[in-house]
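The values are calculated or read from the model by the stated rules, or taken from the named source; none is laboratory data. Source: prediction; values computed, not measured. Positions of Cβ are backbone-derived with ideal geometry, glycine not excepted, and every protein chain shown enters the neighbour counts. Protein only, heavy atoms only, side chains kept; ligands, DNA and RNA dropped before computing areas. Shrake-Rupley method; radii C 1.70, N 1.55, O 1.52, S 1.80 Å.
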Amino acid sequence: MSNSAQRRVLLAAPRGYCAGVDRAVIAVEKALEQYGAPIYVRKQIVHNKYVVQTLEKQGAIFVDETEEVPEGSIVVFSAHGVAPSVHDEAKAGKLATIDATCPLVTKVHKEAVRFADEGFDILLVGHEGHEEVIGTMGEAPDRIHLVDGAEDVAQVKVRDESKVVWLSQTTLSVDETMATVGELKKRFPALVSPPSDDICYATQNRQVAVKQLAEETDLLIVVGSKNSSNSVRLVEVGLEYGAKAAHLVDFAEEIREEWLEGVTTVGLTSGASVPEILVDGVLEWLAARGYDTVETVKTAEEHLTFSLPKELRRDLRAEAAGKL
């Protein structure tokens, strides 16, 4: 290994929590404070093991399906969004709901409804089985066709090739998505694009930062969970843009000593559902092994915030007014 004085960490910025994740996590925490435990959460509120474990300790109960929530309880819908049928299930179960769907995902849902109402076939670029994709497809199941990569394009069948639009899952690789859209445009020359890019600002910004540091990186460490689509994409983007090796870890203790053999420069970033405490843990682990010089690679500033779900805002306002 190189002399320790030469070892360094290139720390990507932006990284970690996006506005939608921050909103969703705070929504569960505020619900626990406001209404008391237990608060039920349908699916993982965000795709991060540490966040889920932390909220469980505070009294959140995570379930896979709405029918698992006891009648009359409070259920929070995750940041990834749900299909209209899930809202119907909650109503049938007399459940109070807090919808923590990321507003950027809600935007895609609204686009899907509008284009379906206008008679379009909707080609949704995304990964089969992902919660966000399931929720979006539920908005117009008869009109939406999932396109899981460029290799799916040849199999797509639509009613009218002159009325076709594409939308996408918000957490995909920008490059991969546009490659798929390029193939779709060859197949459907009249393909309409959404009014604005569906891939979320945070996903794009984190990928741009990784692209910037990848070429100088011997080892890229991405902090994130394996079911986090945007975190997995960061590993792929890093390798594509020059990182010699890249690994996804939930916690610092998952890093293996042998990964550091011959490594001078470590690139470090985290997915959009990862709290900074986990990145700090990796920095401490690396510093203990001689990688104590940290250089930040900043490619964007992020200032976007989202207000809490309306159901919570209403009750918090009512409580505040009652204390006046």
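Numerical summary
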read-out	value
For the stretch 104-187: rounded, prolate or oblate by the Cα gyration tensor [a/c cutoff 1.5]	oblate
Dimensionless Rg over Rh [the chain; C-alpha; Kirkwood]	1.01
Heavy-atom SASA rank of T177, T299 (probe 1.4 Å, accessible area, largest first)	T299, T177
Computed accessible area, Y241, all protein chains, 1.4 angstrom probe, square angstrom	90
Area accessible to solvent at C102, 1.4 Å probe radius, in Å²	20
Surface accessible to a 1.4 Å probe, per residue, for the residues of the stretch 104-187, Å²	44
Filter on K163/K186; K244/K298; K49/K298 - keep pairs with C-alpha separation over 23 Å	K49/K298
GNM result for the chain, Cα springs below 10 Å: residue of G20, G138, G290 fluctuating most strongly	G290
Separation between Cα centres of the stretch 205-244 and the stretch 277-302, rounded to whole Å	14
Most fluctuating residue given options G59, G81, G267, as computed from a GNM of the chain linking Cα atoms under 10 Å	G59
For M137, solvent-accessible area (1.4 Å; no DNA, RNA or ligand), Å²	50
Phi-based couplings in Hz for the stretch 137-142 (Karplus 6.51, -1.76, 1.60; Gly and Pro marked x)	4, x, 6, 7, x, 7
In order through the stretch 178-195: 3J(HN,Hα) via Karplus (6.51 cos²θ - 1.76 cosθ + 1.60), integer Hz, x for Gly, Pro	5, 5, 5, 4, x, 5, 5, 5, 5, 6, 10, x, 8, 3, 8, 8, x, x
Net dipole in debye of the chain [+1 Lys, Arg Cβ; -1 Asp, Glu Cβ; about Cα centre; nearest 20]	740
Of K91/K157; K30/K107; K30/K94, pairs whose Cα-Cα distance is over 27 Å	K91/K157
Carbon + sulfur, % of accessible area of the stretch 104-187 - ligands and nucleic acids excluded, 1.4 Å	52
Whole-Hz ³J(HN,Hα) from phi, Karplus 6.51 cos²θ - 1.76 cosθ + 1.60, for the stretch 280-287, glycine and proline x	4, x, 5, 4, 5, 4, 5, 4
Nearest-0.05 FRET efficiency for E161 and A288, computed from C-beta distance (R0 56 Å)	0.40
Under 5 Å, built H, 5+ apart or other chain: amide partners of V76	Y40, V41, R42, I98
Gaussian network model of the chain, springs between alpha carbon atoms under 10 Å - residue of V46, V210, V294 with greatest fluctuation	V294
